[in-house]
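Everything below concerns the one structure shown next.
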Amino acid sequence: MLALTQAQQGVLRALTAYRREHGQSPSQQELGDALGLSKQAVSKHMRALELRGAIVQGYGMRRSARPVAQ
């Protein structure tokens, strides 16, 4: 996995914590609200996390992002 920016690390931590607490992934809106980011910014971070191998997402499926086990 490639190095992550601080913002990407924050998104990944929030995603992981939400999944642990709720048993499913958060929506991009929920992540944005929790982190004070726009939905568009969250989308860009999620795509970067996927390209870096930190998460996997199912396209066309809501709440499908999940961290990759390390």
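The values are calculated or read from the model by the stated rules, or taken from the named source; none is laboratory data. It should be emphasised that the depicted structure is a prediction, and the values quoted were computed from it without experimental measurement. Cβ sites come from the backbone with ideal geometry, for glycine too, and all protein chains shown count toward neighbours. The area values use the complete protein model at the heavy-atom level, side chains included, leaving out ligands, DNA and RNA. Shrake-Rupley method; radii C 1.70, N 1.55, O 1.52, S 1.80 Å.
Here are the numbers for this structure:
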read-out	value
Residue list for region 23-35, filter: farther than 13 Å from residue 46 by Cβ and in contact (Cβ under 8 Å) with a residue 24 or more places away in the chain	24
Every residue from region 4-53 that is open to solvent by 90 Å² or more (accessible area, probe 1.4 Å) and under 15 Å from residue 68 (Cα atoms)	13, 20, 47, 51
Residue pairs meeting the criteria (Cβ under 6 Å; at least 6 apart or on separate chains; first closer than 14 Å to residue 53 by Cβ, in region 1-22; second open to solvent by 50 Å² or more (accessible area, probe 1.4 Å) and not in a helix (DSSP H, G or I))	1/52; 2/52
Residues satisfying the stated conditions in region 54-68, i.e. among the hydrophobic types (A, V, I, L, M, F, W, C), assigned to a loop (DSSP other than H, G, I, E, B) and open to solvent by less than 100 Å² (accessible area, probe 1.4 Å)	54, 65, 68
